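Q: What follows is a structure written as C-alpha cells; I'll ask about it next.
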Amino acid sequence: VDLPRGATFAVRADADRIGQVVANFLTNALKYSADDQAVTVRGRVRGGRARVAVRDRGPGLAAAERARVWERFYRVPGIEPRSGAGGGLGLGLYICREIIERHGGEVGVESAPGEGSTFWFALPLATGDRP
C-alpha cells in the first residue's frame, strides 16, 4: 500500500460497499498476476477527489477491452486467471462501477497488453456543509 505519509481524507460513502469495490479490484489483480509479482494499492487526493488505484502486473488489456470490462456479463476473451477460483460471471466490475457512480464518483482503467493494469476509482471528498 502506497499512501503519502500522514495522509488522511474523508469521503461520504457506505463503507461496506466501498470495501466491496476495493476487495473486487484486489481479488482481480491477484487472480491475473503471477504469484511472484507485486500488487500495489495507491491513494491520493487531488481536485477535491480521493482516488484509489490497484496496480497489477497481469496480462494487460487492449484499448477495445478497456471500455468493455465495465459492461454487465462481459469477460475478456483469451485471458485466463493465473490463480484463484477461475473466471467469474462478468459482473464484478459492472457492480463496482454502479457502486462508485451512485456515490458520485467515477471508475477507470489504465492498461496495455503485456504491461499489467491499473484499476481505479475516485470519490468526492466529504465537506462540512452537508449533513
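The values are calculated or read from the model by the stated rules, or taken from the named source; none is laboratory data. A quick note: this is a predicted structure, and the numbers were derived from the prediction, not measured. Reconstructed Cβ throughout: ideal geometry from the backbone, glycine too, with neighbour counts over all protein chains shown. Protein only, heavy atoms only, side chains kept; ligands, DNA and RNA dropped before computing areas. Shrake-Rupley method; radii C 1.70, N 1.55, O 1.52, S 1.80 Å.
Q: Can you say whether GLY108 is closer than 23 Å to ASP14 by Cβ, of a type outside the set (A, V, I, L, M), open to solvent by less than 70 Å² (accessible area, probe 1.4 Å) and modelled with pLDDT of 90 or more, as far as the supplied structure shows?
A: Yes, satisfied.
Q: Could we say that GLY78 is surrounded by fewer than 18 Cβ atoms within 10 Å (Cβ to Cβ), at pLDDT below 95 and not aromatic (Phe, Trp, Tyr) here? Steps first, answer last, please.
A: Working: surrounded by fewer than 18 Cβ atoms within 10 Å (Cβ to Cβ): yes; at pLDDT below 95: yes; not aromatic (Phe, Trp, Tyr): yes.
It is true that GLY78 is surrounded by fewer than 18 Cβ atoms within 10 Å (Cβ to Cβ), at pLDDT below 95 and not aromatic (Phe, Trp, Tyr).
Q: Being open to solvent by 70 Å² or more (accessible area, probe 1.4 Å), β-branched (Val, Ile, Thr) and in a loop (DSSP other than H, G, I, E, B) narrows it down to one residue among THR8, THR27; which is it? It would help to see each step written out before you state the result.
A: On the way: THR27 fails: in a loop (DSSP other than H, G, I, E, B).
The conditions single out THR8.
Q: State all residues of region 36-50 that are in a strand (DSSP E or B) and of a type outside the set (Lys, Arg); if no residue qualifies, say none.
A: Taking region 36-50 first, the residues in a strand (DSSP E or B) are 40-46, 49-50.
Answer for region 36-50, where residues must be in a strand (DSSP E or B) and of a type outside the set (Lys, Arg): THR40, VAL41, GLY43, VAL45, ALA50.
Q: What's the number of the condition ALA23 fails, among (1) farther than 18 Å from LEU93 by Cα; (2) within 10 Å of the chain's Cα centre (by Cα); (3) aliphatic (A, V, I, L, M)?
A: Against the list (1) farther than 18 Å from LEU93 by Cα; (2) within 10 Å of the chain's Cα centre (by Cα); (3) aliphatic (A, V, I, L, M), ALA23 comes up short only on (1).
Q: Then there is this: Hey, ARG66 hits all of (1) over 26 Å from ARG5 (Cα atoms); (2) touching a Ser or Thr at 6+ places or on another chain (Cβ under 7 Å); (3) open to solvent by 40 Å² or more (accessible area, probe 1.4 Å); (4) in a loop (DSSP other than H, G, I, E, B) but one; which does it fall short on?
A: Failed condition: (4).
Q: While we're looking at this one, here's another question. Looking only at region 51-58, decide whether some residue is free of Cβ contacts under 8 Å to residues at least 60 places away in the same chain and either closer than 19 Å to GLY90 by Cβ or assigned to a helix (DSSP H, G or I) (or both).
A: Within region 51-58, the first condition is being free of Cβ contacts under 8 Å to residues at least 60 places away in the same chain, and the residues that meet it are 57-58.
Filter once more, so that each one left must be either closer than 19 Å to GLY90 by Cβ or assigned to a helix (DSSP H, G or I) (or both): 58.
Looking for residues that are free of Cβ contacts under 8 Å to residues at least 60 places away in the same chain and either closer than 19 Å to GLY90 by Cβ or assigned to a helix (DSSP H, G or I) (or both), one finds at least one in region 51-58, hence yes.
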